[in-house]
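Here the structure comes first, spelled out in structure tokens, and everything after it is commentary.
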């Protein structure tokens with residue numbers, strides 16, 4: 001029986017030796033490094049400030065005859081849109097024609113009034129001459145018969161009355177003339193003001209860029225008007241538009257930001273001023289940094305049927321490249337926690353034995369189970385706060401039983417051994433045989 005036990009022990013020693021080469025243990029050289037906990041999300045590049053170009057306040061029907069191409073870069077003052085307004089132009093021409101007629105009627109009135117004033121002035125002069133003649137006759141009045149004296153006196157009174165009538169008529173005619181000319185002048189001024197307003201509206205049909213930037217065509221909901229024609233949709237050349245309707249958007253590319261949507265679980269871990277690494281996926285080698293500047297309280301469902309809510313997070317961009325255009329997708333890596341010069345252990349290297357966290361440290365072709373404590377932890381790695389010093393080689397998978405050394409850490413040996421034995425039938429049988437020999 002004793003020889004049988006010896007043979008069994010020899011077999012147990014030989015079998016692991018044969019198995020070592022077939023089952024190597026992956027290891028990891030533990031060094032002090034940087035622990036980084038991140039949240040990754042894809043967002044959209046957008047401008048912080050953007051100029052919206054709208055149609056001018058023109059009530060007549062408008063149509064786009066020229067429009068800058070979408071995505072084209074324009075400078076401040078460049079013509080980005082030309083609108084056509086046939087009704088406005090027709091009205092403008094009609095007002096100009098009416099102005100010419102009014103000015104012609106004014107000239108005619110002034111000529112007629114001047115002629116009437118001249119005739120009245122002539123009559124006044126004639127009456128004046130008659131007055132002078134009557135004054136001469138008055139010298140002979142004392143030598144004339146009584147009847148003739150009365151006739152001469154009546155004649156002189158008649159001339160005086162005629163003089164007063166002519167003077168009043170002349171004064172009244174001057175007032176009438178002045179009033180009529182003034183009225184026509186007011187009509188002319190009003191007509192010119194209207195023409196000037198129409199001219200200003202026509203000038204406003206030539207729309208210029210308010211700032212430098214890339215052109216983005218506006219898009220409005222489509223709807224029908226007057227029971228027939230449809231307006232709205234994507235603004236293009238030939239589109240029918242109405243007053244104060246958005247035509248173009250010109251983002252200010254000197255200051256950009258990124259808008260990302262994150263699920264509720266990640267949203268709670270994000271705070272303002274957290275550092276963000278940004279990569280524009282559609283542009284090669286375009287990487288920059290930023291920080292979280294705002295979290296939106298408004299929520300929305302990613303899908304109408306989904307109950308998962310997403311929140312908007314706005315990220316600033318530290319350095320804007322000319323290739324960073326609004327609308328491009330941006331891969332964002334938000335740094336939630338970052339600890340430098342610390343011991344970071346992969347999660348695959350940490351094992352739980354009876355509520356204890358342990359790692360297997362390689363030493364002399366064996367692996368020693370070492371109890372550790374962790375602080376910050378994420379899905380892939382943890383910071384070791386107690387149990388390791390660094391420069392150890394640890395196993396990334398649980399070593400076979402025959403490679404585990406149970407001589408170290410005697411305080412925890414019983415628990416670790418008990419947990420290991422329960423997990424493997426072969427190990428349990430081997431341990432029973434060893435205990436039997438010891439007895």
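The values are calculated or read from the model by the stated rules, or taken from the named source; none is laboratory data. Predicted model only: the values in this text are computed from it and were never measured. Neighbour counts are summed over all protein chains in view; Cβ atoms, including those assigned to glycine, are modelled from backbone coordinates with ideal geometry.
In the range 250-264, what residues are surrounded by fewer than 20 Cβ atoms within 10 Å (Cβ to Cβ) and either within 15 Å of the chain's Cα centre (by Cα) or touching a residue at least 60 places away in the same chain (Cβ under 8 Å) (or both)? Those that are surrounded by fewer than 20 Cβ atoms within 10 Å (Cβ to Cβ) and either within 15 Å of the chain's Cα centre (by Cα) or touching a residue at least 60 places away in the same chain (Cβ under 8 Å) (or both): 252, 254, 255, 259, 261.
Output yes when any residue across the range 265-272 is in contact with a strand residue (DSSP E or B) (Cβ under 9 Å, 6 or more places away or on another chain), modelled with pLDDT of 90 or more, in a loop (DSSP other than H, G, I, E, B) and surrounded by 18 or more Cβ atoms within 10 Å (Cβ to Cβ), and no when none is. Yes - at least one qualifying residue is present in the range 265-272.
This table checks each residue for (1) exposed (fewer than 15 other Cβ atoms within 10 Å of the Cβ); (2) closer than 27 Å to residue 272 by Cα; (3) in contact with a helix residue (DSSP H, G or I) (Cβ under 7 Å, 6 or more places away or on another chain).
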site: 322; (1), (2), (3): yes, yes, no
site: 326; (1), (2), (3): no, yes, no
site: 333; (1), (2), (3): no, yes, no
site: 338; (1), (2), (3): yes, yes, no
site: 342; (1), (2), (3): no, yes, no
site: 346; (1), (2), (3): yes, no, no
site: 352; (1), (2), (3): yes, no, no
site: 357; (1), (2), (3): no, no, no
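For the range 413-420, indicate whether the set of residues that are modelled with pLDDT under 90, surrounded by 15 or more Cβ atoms within 10 Å (Cβ to Cβ), touching a strand residue (DSSP E or B) at 6+ places or on another chain (Cβ under 7 Å) and under 30 Å from residue 335 (Cβ atoms) is non-empty. No, because not a single residue in the range 413-420 is modelled with pLDDT under 90, surrounded by 15 or more Cβ atoms within 10 Å (Cβ to Cβ), touching a strand residue (DSSP E or B) at 6+ places or on another chain (Cβ under 7 Å) and under 30 Å from residue 335 (Cβ atoms). Does residue 345 satisfy the condition of being modelled with pLDDT of 90 or more, assigned to a strand (DSSP E or B) and farther than 18 Å from residue 48 by Cβ? For residue 345, the condition - modelled with pLDDT of 90 or more, assigned to a strand (DSSP E or B) and farther than 18 Å from residue 48 by Cβ - is met.
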